[in-house]
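Engineer: Structure provided below as structure tokens; questions to follow.
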Amino acid sequence: MKNSKKKTIRFYVTLAGIKVLIKVLQLCGRNATHVPGRKAINICPDFLDQIDKPEFIIGITGTNGKTTVSNLIADVMQDNGYDIVDNRFGGNIDSGIASALIKNSTMGGHMKKKYAVLEIDERMTTKIFPYVQPDILVCTNLFRDSYRRNAHTEFISGILDKTIPARSRLVLNGEDLISNHLAMNNQRVYFGIECQDGRTTPTNNIINDMVACPKCGARLNYEYVRYNHIGRAFCPNCDFGSPEMDYAVESVDYEKRRVHIRTPKGKLDIKLLGDNITDAYNTVTAVAALEEFGLSGEAICRSFEKMKIAGTRFDSVEINGRKIILDVAKGQNPIACSRVCDFVRHEPGKKAVVLIIDDFYDRQESSENIAWFFDTDFEFLNDPGIVQVVVGGLRCQDMHLRLLMAGIPEENIVCCDKETDTAEYVDLEKAEHVYVLHDIYTTQYAKAIKKRISERMQEGGKEA
């Protein structure tokens, strides 16, 4: 196991008490994700420094996709017989990682497992990397995110650039000129997509956070833009530009759900776990990390065949030939929300879209910053195939204004204050399929909406 700081009496007492707390929480049906680790760090501030760590750690950070990529990597490793520490229940800050380590340690603070796959919040690396240093660190991408925490990409990339351990081997997005220039002295490989993709129509997104060269200030020349600043670009005045990719998607077959990936060891024909371009990115990211870890392409492909997309991120049910689809759109994250809107407009049939993307926690004080509405490409919902947009939540009138600004006809917009009421307003006479776009913390509302719309479809689509 990796060396840790000399353990103190305070550490041992804290560890014993927290292990009891975890047992109590689990008996109460709780996952014990954050609370035990937070208590441990509050009582013993250098707790993460003292507890033993696994011998080999794969860390995954970035703005979008890190949860899915972490789960893919963990699932493949477990399927291949590796007993790992993970934090898949969402504890990606220092307290969550402390909880994961506590659960997998002895009463003496010694680690029971040799390997770990840890999702790491990009903002929290200042509190994690001094004590928990990944052998392989994956960065999926860097975009602007919540205005309250990390709205500016230079702010987040600056934090990561200063905190990434020199020992970490990096797996970076070759099409993201913000994240792929992190920690330039570290060993690295790059992943990305080399082929044209029919699911990504080049658009003039509202946001592009990589317009000027960070070295000389010249305007970058883009060979292509896949979305926002994801693409391939070069500076006309200096050597700054996109790298060559070590792991690259060469083609995607959405009908057969296959993705063809070139790796340094050969070519893979691997199962695709979704219908979005981001699913192809998540797949090639996981493949790159797993091959860098040492798994063979054959083993990775074999494990992927057993997988399906997580129901908390994407869920679909078909009733009499009509679909109800739940898809996470991550409130306060304009890029993630834009990608889902772009995905929906390219799906076939006449569609109704339900938006329940208010921030679950901010709205308790009714003080949510809605500026992110105007960074999000809701213009993608102004499409002939989208016959209705139903908005639910306290900010529905603000969203109503934004949708009108996006050019969506007013007669196609319905607003209601309560999220679950949206199910009653979906026009099943016009819409063949219903897409419910929800925040990561409003899954319970999305499931209730799906249940009610399912009932209405089974009743014959009669209006309530």
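Engineer: Residues I370, I440: which one is farther than 17 Å from V328 by Cβ, of a type in the set (V, I, T) and modelled with pLDDT under 95?
Structural biologist: Being farther than 17 Å from V328 by Cβ, of a type in the set (V, I, T) and modelled with pLDDT under 95 holds for just one of I370, I440, which is I370.
Engineer: Right, next: Any residue in region 146-156 that is outside any loop (DSSP other than H, G, I, E, B), touching a strand residue (DSSP E or B) at 6+ places or on another chain (Cβ under 9 Å) and at negative phi?
Structural biologist: no
Yes/no matrix, rows are residues, columns are (1) surrounded by fewer than 21 Cβ atoms within 10 Å (Cβ to Cβ); (2) closer than 22 Å to R167 by Cβ; (3) of a type in the set (F, W, Y):
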{"residue": "L27", "(1), (2), (3)": "yes, no, no"}
{"residue": "A40", "(1), (2), (3)": "no, no, no"}
{"residue": "L48", "(1), (2), (3)": "no, yes, no"}
{"residue": "I51", "(1), (2), (3)": "no, yes, no"}
{"residue": "E55", "(1), (2), (3)": "yes, yes, no"}
{"residue": "K66", "(1), (2), (3)": "no, yes, no"}
{"residue": "D75", "(1), (2), (3)": "yes, no, no"}
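Engineer: Then there is this: What about A448, is it farther than 16 Å from S316 by Cβ, aliphatic (A, V, I, L, M) and surrounded by fewer than 18 Cβ atoms within 10 Å (Cβ to Cβ)?
Structural biologist: In short, yes.
Engineer: Taking strands (runs of 3 or more DSSP E) that fall entirely within region 248-326, which contain at least 1 residues that are closer than 29 Å to E455 by Cα?
Structural biologist: Counting at least 1 such residues, we get 314-319.
Engineer: Could you tell me whether any residue of region 382-390 is open to solvent by 20 Å² or more (accessible area, probe 1.4 Å), in contact with a Lys or Arg (Cβ under 6 Å, 6 or more places away or on another chain) and of a type in the set (V, I, T)?
Structural biologist: Yes, the conditions are met somewhere in region 382-390.
Engineer: With the structure loaded, tell me whether Q187 is buried (at least 16 other Cβ atoms within 10 Å of the Cβ) and either modelled with pLDDT under 95 or not hydroxyl-bearing (S, T, Y) (or both) or whether it fails that test. Show your work before the answer.
Structural biologist: Working: buried (at least 16 other Cβ atoms within 10 Å of the Cβ): no; either modelled with pLDDT under 95 or not hydroxyl-bearing (S, T, Y) (or both): yes.
Taking the combined requirement at face value, the residue does not satisfy it.
Engineer: For region 347-362, name all the residues that are more than 20 Å from V414 (Cα to Cα), at pLDDT below 90 and either surrounded by 15 or more Cβ atoms within 10 Å (Cβ to Cβ) or in contact with a strand residue (DSSP E or B) (Cβ under 8 Å, 6 or more places away or on another chain) (or both).
Structural biologist: Once the filter is applied, which keeps residues that are more than 20 Å from V414 (Cα to Cα), at pLDDT below 90 and either surrounded by 15 or more Cβ atoms within 10 Å (Cβ to Cβ) or in contact with a strand residue (DSSP E or B) (Cβ under 8 Å, 6 or more places away or on another chain) (or both), region 347-362 yields F360, D362.
Engineer: Right, another one. Does region 107-125 contain any residue that is closer than 16 Å to L170 by Cα, among the hydroxyl-bearing types (S, T, Y) and open to solvent by less than 10 Å² (accessible area, probe 1.4 Å)?
Structural biologist: Within region 107-125 (the criterion being closer than 16 Å to L170 by Cα, among the hydroxyl-bearing types (S, T, Y) and open to solvent by less than 10 Å² (accessible area, probe 1.4 Å)), the answer is yes, since at least one residue qualifies.
Engineer: Something else now. Give just the number: which of (1) surrounded by 14 or more Cβ atoms within 10 Å (Cβ to Cβ); (2) free of Cβ contacts under 8 Å to residues at least 40 places away in the same chain; (3) under 20 Å from E298 (Cβ atoms) does V249 not satisfy?
Structural biologist: Of everything listed in (1) surrounded by 14 or more Cβ atoms within 10 Å (Cβ to Cβ); (2) free of Cβ contacts under 8 Å to residues at least 40 places away in the same chain; (3) under 20 Å from E298 (Cβ atoms), V249 misses just condition (2).
Engineer: Restricting the first residue to region 108-126 and requiring it to be among the small types (G, A, S), which pairs with a second residue that is in a helix (DSSP H, G or I) and buried (at least 22 other Cβ atoms within 10 Å of the Cβ) meet a Cβ separation below 6 Å and a spacing of at least six or different chains?
Structural biologist: Short answer, once both residue conditions are applied: G109/L15.
Engineer: Can E154 be described as modelled with pLDDT under 95, under 21 Å from the mean Cα position of the chain (by Cα) and either open to solvent by 50 Å² or more (accessible area, probe 1.4 Å) or not acidic (D, E) (or both)?
Structural biologist: yes
Residues checked against (1) outside any loop (DSSP other than H, G, I, E, B); (2) in contact with a Phe, Trp or Tyr (Cβ under 8 Å, 6 or more places away or on another chain); (3) open to solvent by 20 Å² or more (accessible area, probe 1.4 Å); (4) not hydrophobic (A, V, I, L, M, F, W, C):
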| position | (1), (2), (3), (4) |
| --- | --- |
| A183 | no, no, no, no |
| N208 | no, no, yes, yes |
| Y224 | yes, no, yes, yes |
| R232 | yes, yes, yes, yes |
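Engineer: Taking interchain pairs and intrachain pairs at least six residues apart, which have beta carbon atoms under 7 angstrom, with the first residue in region 163-176 and closer than 12 Å to Y281 by Cβ and the second outside any loop (DSSP other than H, G, I, E, B) and hydroxyl-bearing (S, T, Y)?
Structural biologist: N173/S179; G174/Y190
Engineer: Quick check on region 363-378. Is at least one of its residues in a helix (DSSP H, G or I), surrounded by fewer than 18 Cβ atoms within 10 Å (Cβ to Cβ) and of a type in the set (D, E)?
Structural biologist: No; the residues of region 363-378 include none that is in a helix (DSSP H, G or I), surrounded by fewer than 18 Cβ atoms within 10 Å (Cβ to Cβ) and of a type in the set (D, E).
The values are calculated or read from the model by the stated rules, or taken from the named source; none is laboratory data. Nothing here was measured: the structure is a model prediction, and the numbers come from that model. Here the Cβ is made from the backbone with ideal geometry for all residues, glycine too, and neighbour counts use every protein chain on show. Protein only, heavy atoms only, side chains kept; ligands, DNA and RNA dropped before computing areas. Shrake-Rupley method; radii C 1.70, N 1.55, O 1.52, S 1.80 Å.
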